[in-house]
Structure formats: C-alpha cells, structure tokens
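Have a look at the structure below before the remarks.
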Amino acid sequence: MQQKQPNQPKTAFIFSGGASLGAVEVGMLKAIVEDGYMADLVLGTSVGALNGAIYASDPTIEGVKTLEQTWRNIKMFDVFTPSVLTPIKNIATFGQYLISPKNLRKLMDDHLNFTKIEETKIPLYITTTDINTGDEVVFNKGLVIEALLASAGIPGVFPPQRMGQRLLVDGGLVNNSPISSAVKLGAERVVVFPIGFPYTPNKEPKNILEILFRTLIYLLNRQLSADYHIYKDKVQLIIIPPPENITVGPHDFSKSDRLIDRAYKCTKDWLKKGGYQKLSCEFKHPGNIHSETLNLSEAVESQPEKPAKERVKENVSVIGKALKETISKEKKEVKQKYHVSKDKLKDSIAGTKGEIEKSFTDTAKRIKNKYHDITKKKDKKE
C-alpha cells in the first residue's frame with residue numbers, strides 16, 4: 001500500500017448502509033486499496049459501519065481480503081436469527097422488534113478483533129439515529145459492537161439500543177452516506193462507497209417484499225443524490241460507481257460472491273479510466289429531482305393487476321431458481337469441505353502409521369538389544 005503524502009488532502013471513506021448489498025462495498029474497497037488509495041478517517045452507517053470498522057482496524061490489502069472472505073461465507077441466518085416465537089411474542093406484548101439480534105451480535109463478535117472504537121488504526125465514526133428526536137448520533141469512542149448494533153438496527157426489525165436518554169436505531173434514517181459528517185470532521189476529499197440499485201430498471205417488482213426493499217433503497221440513495229449536489233463544489237467528492245442492474249435484493253445474502261466480483265471488476269475498470277482523479281464525476285440516480293428536465297406525463301386509466309395464478313407462477317419460478325442456485329452453492333461447499341476433510345484424514349492416518357512403524361521399530365531394537373545383553377551375560381557365566 002502506498003503511504004499518504006504530506007500534501008494530500010484529508011480523505012474520508014464513506015461506507016453506506018444497505019444490508020446484503022454491503023458486499024458491493026467490499027469489491028469496491030478491494031480495488032481501491034489494491035491501487036494504493038487510503039483513508040485518514042472512516043465513516044459508516046448500518047452494514048457500512050461494520051465494513052468500515054473492519055477496514056479501519058486493518059487498512060491493508062490483507063485486512064480487506066479478510067473482510068472479503070467474511071462476506072463470501074456469510075449466510076442469511078448469520079444475520080437474521082430464525083424464530084417464529086420472537087415476532088409473535090413481541091407483537092402480542094407490544095414489543096419493538098421482530099427479530100432477535102443474537103446472530104448478528106455473534107457475527108460481529110466473531111469478526112472484530114477489538115473492543116473499543118478508539119482502538120482502530122484509522123479514526124472510525126459510526127452513524128446512528130435517535131428514534132425519539134430524529135437526531136443523528138455519531139459514535140467515535142466506546143464499545144464498538146454496541147454502536148454497530150445501534151447503527152444496523154432496522155426499525156421494527158431489530159431492537160433499538162437504549163443508551164442513556166437516547167433510543168438508537170439504524171443511522172440510514174437520517175444519514176445513510178454521511179458526507180455531511182465527514183465535512184464537519186474536516187475532510188477535504190470524500191470517497192463514497194454506495195450500494196447501488198437492486199433489480200433491473202423498468203422490471204416490475206414481483207411481490208410485496210420487492211416493493212418494500214426497492215422503496216427503501218431508492219429512499220436511501222435519494223439522500224445521497226441530494227448530498228452530492230450540496231457538497232460537490234465544497235469538497236473533492238468522489239462517488240465510486242456501483243455495478244449497473246444489480247438483480248440481488250438487500251435481504252439476499254446468498255449472492256455475496258457475485259456482488260463482490262462485479263463491484264471489483266467495475267471499480268478496476270473505473271480506476272483504469274482515471275475515475276478516482278475525476279473529482280467532478282457525475283452521480284447517476286434514477287430518481288434525481290435535481291436534473292434539468294421535468295418528467296411531465298398524462299394520467300390514464302390504470303391497468304388491472306396480474307391475475308393471482310400468473311403472480312404465483314412468476315414468483316414460484318423466481319424462488320425455484322434462487323433455491324436451485326443456493327443448493328448448488330451449498331453442494332459445492334460441502335464437496336470442498338469433504339475433500340479437505342478427506343485429505344486431512346489421509347495425512348493424519350499417514351502420520352499415525354509412520355509413528356506406529358517408528359515406535360514398533362524402536363521397540364524391536366530395544367528387545368533385540370536386551371536379548372543380546374542377556375545372551376552375553378549368560379555366555380560369561382558359562
């Protein structure tokens with residue numbers, strides 16, 4: 001990795017929130033770090049805060065590869081604790097969440113090698129939202145896992161974290177890509193790692209979940225679009241372009257390999273074209289209300305929704321394809337683990353066999369020597 005030169009601007013890396021689409025940031029980061037670019041401070045929201053924390057603790061290419069491996073191995077239930085009782089209990093007892101954070105806490109505990117935020121090699125800032133006041137709350141010291149759980153606490157899904165008088169939830173509600181915070185901290189160059197847009201443009205969402213997730217991602221990117229227009233002339237603002245037409249929803253953790261590889265290739269190509277140096281790079285957003293054109297249209301009678309039979313057929317096909325891909329991936333992983341275990345067992349047996357043969361040979365030699373000693377003593381007596 002290149003060393004920062006004294007005359008280089010103070011650089012902030014911004015990692016956005018976006019659940020499973022955080023894998024996109026990992027591919028981008030790998031390409032950026034390989035090219036020798038580094039940060040002076042790191043800011044993150046939600047899953048971006050976790051990516052930022054791991055990077056800030058080890059900002060080397062080895063550290064990034066460790067983060068990459070974590071994402072390649074992650075499963076949905078490593079994040080979302082499966083339980084039918086938890087949502088029923090909390091709905092019945094007026095609780096504040098549907099999913100226990102137990103598995104998410106374990107994931108963080110397994111992959112973070114430090115306890116306090118201030119222990120990172122690069123200053124780390126974790127963005128959260130006070131659900132009572134709507135204030136942005138940024139952690140720069142204290143218990144890192146508690147801060148990360150607050151930052152990733154999707155309202156209604158995970159429990160809010162109560163700290164003093166504050167009730168903290170996902171930072172994406174107020175600042176999903178905290179450019180404004182970086183500027184307040186004195187950053188002169190701000191590099192944003194966005195999550196991109198799930199699904200193919202002009203392709204309709206097939207169910208309620210897809211509508212909700214697409215809505216969430218558009219809202220999160222909408223704020224980034226606004227910040228781009230506010231800060232593009234105030235600091236050196238670089239927004240790394242994510243891959244186009246991402247067909248993975250933010251709830252799907254089974255496609256991390258695909259997201260990392262696509263983002264890595266996309267960022268490498270962008271770097272070769274001098275993208276990092278083009279500080280006025282345009283940020284493309286499908287809901288950009290700051291464009292010069294206004295989309296005027298005529299309202300006509302709405303078309304009826306698709307028949308239930310057709311909707312079911314489409315979704316079964318999508319689910320079947322996803323299930324087939326997951327089974328194929330799991331089968332491949334099991335096969336690899338089997339071969340690794342087989343090779344280890346083979347080596348272990350070979351090693352044990354060698355030890356037994358050596359032990360037998362040594363014992364035979366001792367018996368033979370003992371026999372010769374006894375024979376010599378007998379010959380002397382006679």
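The values are calculated or read from the model by the stated rules, or taken from the named source; none is laboratory data. In this text, all values refer to a predicted model and were calculated from it rather than measured experimentally. No Cβ is skipped: glycine too gets one built from the backbone with ideal geometry, and neighbour counts run over all protein chains shown. Ligands, DNA and RNA are excluded from the accessible area calculation, which covers all protein heavy atoms including side chains. Shrake-Rupley method; radii C 1.70, N 1.55, O 1.52, S 1.80 Å.
Here is how the numbers come out for the structure above:
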item: Ile154 long-range amide H proximity, modeled H, under 5 Å; result: Asp170
item: Under the Karplus curve 6.51 cos²θ - 1.76 cosθ + 1.60, θ = phi - 60°, whole-Hz ³J(HN,Hα) for region 165-176, x wherever Gly or Pro sits; result: 8, 9, 10, 9, 9, 3, x, x, 4, 10, 7, 5
item: From phi via Karplus (6.51, -1.76, 1.60), per-residue ³J(HN,Hα) for region 55-64 in Hz, x at Gly/Pro; result: 5, 5, 7, 8, x, 10, 5, 5, x, 5
item: Computed over region 122-183, the ratio Rg/Rh where both radii use C-alpha atoms and Rh is Kirkwood; result: 0.94
item: Surface share of carbon and sulfur [accessible, 1.4 angstrom probe, percent] for region 123-225; result: 59
item: Region 330-346 - phi-based ³J(HN,Hα) in whole Hz, Karplus 6.51/-1.76/1.60, Gly and Pro as x; result: 5, 4, 5, 5, 4, 5, 5, 5, 5, 5, 5, 5, 4, 5, 5, 5, 4
item: Dipole in debye (nearest 20) - region 168-279, about Cα centre, beta carbon charges: Lys, Arg +1; Asp, Glu -1; result: 340
item: Exposure of Asp269 as accessible area (Å², to 10), given a probe of 1.4 Å and all protein chains; result: 60
item: Cross-link pairs Lys206/Lys335; Lys30/Lys332; Lys121/Lys335; Lys184/Lys265; Lys102/Lys331; Lys30/Lys234 - those with Cα-Cα distance over 29 Å; result: Lys206/Lys335; Lys121/Lys335; Lys184/Lys265
item: Sequence-distant residues sharing a close amide H with Leu237 (under 5 Å, placed H); result: Val190
